[in-house]
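Student: Got a structure here, written out as structure tokens. Questions coming.
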Amino acid sequence: MLVLASQASAQKGSAERGKYIFEAGGCESCHTQKGGPPMAGGPPLRTPFGTFYAPNITPDPQYGIGKWTDADFIRALREGVSPEGANYFPVFPYSSYTNMTTQDLLDLKAYLGTLTPVKNPSHPHEVKWPFSMRAALAPWKWLYFKAGPYKPNPAHDAKWNRGAYLVEAIVHCGECHTPRNFLGGLDRAQWLSGARMPVGDLVASNLTPDKTGLAGWSVADIVDALTDGTLPEGGTLSGEMGEVVQNSTSRLRPVDREAIAAYLMSLPPMPTQVKKKTK
């Protein structure tokens, strides 16, 4: 059930509810090195703009988020701004997390506060100039970022809105599956129609019911893929999408996977825009 709450009316964060949000968001995939301590900093994420490293988000007061207030945490995920006032690079998907309800943000922070603190400094990003200039993120955000939270669409039922909320906010599918322009802004007119540039080793596929995407898939096919990676034509999802299934969608409640599938099947078919190679 999607319940919107203002920061003033939200209840105190629940670690139990936050654990579900943490798993739905697949936080472990980005913030944990393979074989390393949980949430103490992630592996390199290579993009056309440089290599980024997800930071330590354990409750360590020196290297993690142990000193962050609830307001700091909400500001980071809703506005993309650090407690010190610096803009975050949008590789941190705050353009999706901004849509989360205040209650879900408080619950997520409560769960992160239960993790073991790890004294591990975050790895600095390796970003190409001029993209390394954080001052340039202010006009970028003016062009491509709109703060949330998600507002339910009254033209659709609760199931559709739950699926939209999960896709657009917590599971943040659009961050990989929507094409970006040369400045890294999401082309929302081509929502979920597939990426044109790689993120890591992945060029994310089309999630609309177009022939270049999910045409021919049923709701049950989508649910199966989200549950255990099974594909309707045989085989299973692997690589980075396999990690998404393992660390995120397989841990969702069946009703939430069904809501995501219903939302995806309702989208207008949108062909993947393949980037033409120059001679």
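Just so you know, all these numbers are worked out from the coordinates, no wet-lab data involved. Just so it is clear, the model here is predicted, and its values are computed rather than measured. Note that we place each Cβ from the backbone using ideal geometry, even for glycine, and neighbour counts take in every protein chain shown.
Student: Please quote Rg/Rh for the stretch 15-144 to two decimal places, taking the Kirkwood radius as Rh and restricting both calculations to Cα atoms.
Tutor: The Rg/Rh ratio comes out at 0.95.
Student: How far is the Cα center of the stretch 40-56 from the Cα center of the stretch 203-275, in Å?
Tutor: So the separation of the two Cα centres works out to 25 Å.
Student: Take 223, 255, 203, 81 and order them by how many other Cβ atoms sit within 10 Å, fewest up front.
Tutor: Going from sparsest to densest Cβ surroundings: 255, 203, 81, 223.
Student: Assigning unit charges at the beta carbon (Lys, Arg +1; Asp, Glu -1) and nothing else, what dipole magnitude in debye, to the nearest 20, does the chain show about its Cα centre?
Tutor: That gives the chain a dipole magnitude of about 840 debye.
Student: Longest span of the chain, sites excluded, free of GluC sites (Glu not before Pro) in DSSP loop with at most 15 other C-beta atoms within 10 Å?
Tutor: On the way: sites that count: 84, 233.
For GluC sites (Glu not before Pro) (loop position, at most 15 other Cβ atoms within 10 Å), the longest site-free span of the chain is 85-232.
Student: Residue 211: which aspartates and glutamates have alpha carbons under 17 Å from its alpha carbon, excluding same-chain residues fewer than 8 sequence positions away?
Tutor: Filter leaves 221, 233.
Student: Something else now. Rg/Rh for the chain to two decimals, with Rh computed the Kirkwood way over all alpha-carbon pairs.
Tutor: Here Rg/Rh amounts to 0.94.
Student: Could you count how many Lys pairs in the stretch 15-144 have their Cα atoms under 30 Å apart, skipping same-chain pairs fewer than 8 positions apart?
Tutor: 16
Student: Only helical DSSP H runs with n ≥ 4 go in: add -39500 (n - 2.57) per run for the chain, normalise by residue count and round the 222 nm mean residue ellipticity to 500 deg cm²/dmol.
Tutor: Values: 11 runs with 92 residues, N = 279.
Computed ellipticity for the chain at 222 nm equals -9000 deg cm²/dmol.
Student: Could you check which residue among 149, 61, 269 shows the biggest mean-square fluctuation in a GNM of the chain with a 10 Å Cα cutoff?
Tutor: Comparing 149, 61, 269 in a Gaussian network model of the chain, the most mobile one is 61.
Student: In what order do 205, 266 fall by count of nearby beta-carbon atoms within 10 Å, going from fewest to most?
Tutor: Going from least to most buried by this count: 266, 205.
Student: Let me ask you something else. Taking the beta-carbon count within 10 Å as an exposure proxy, list 251, 162, 188 from fewest neighbours to most.
Tutor: 188, 251, 162
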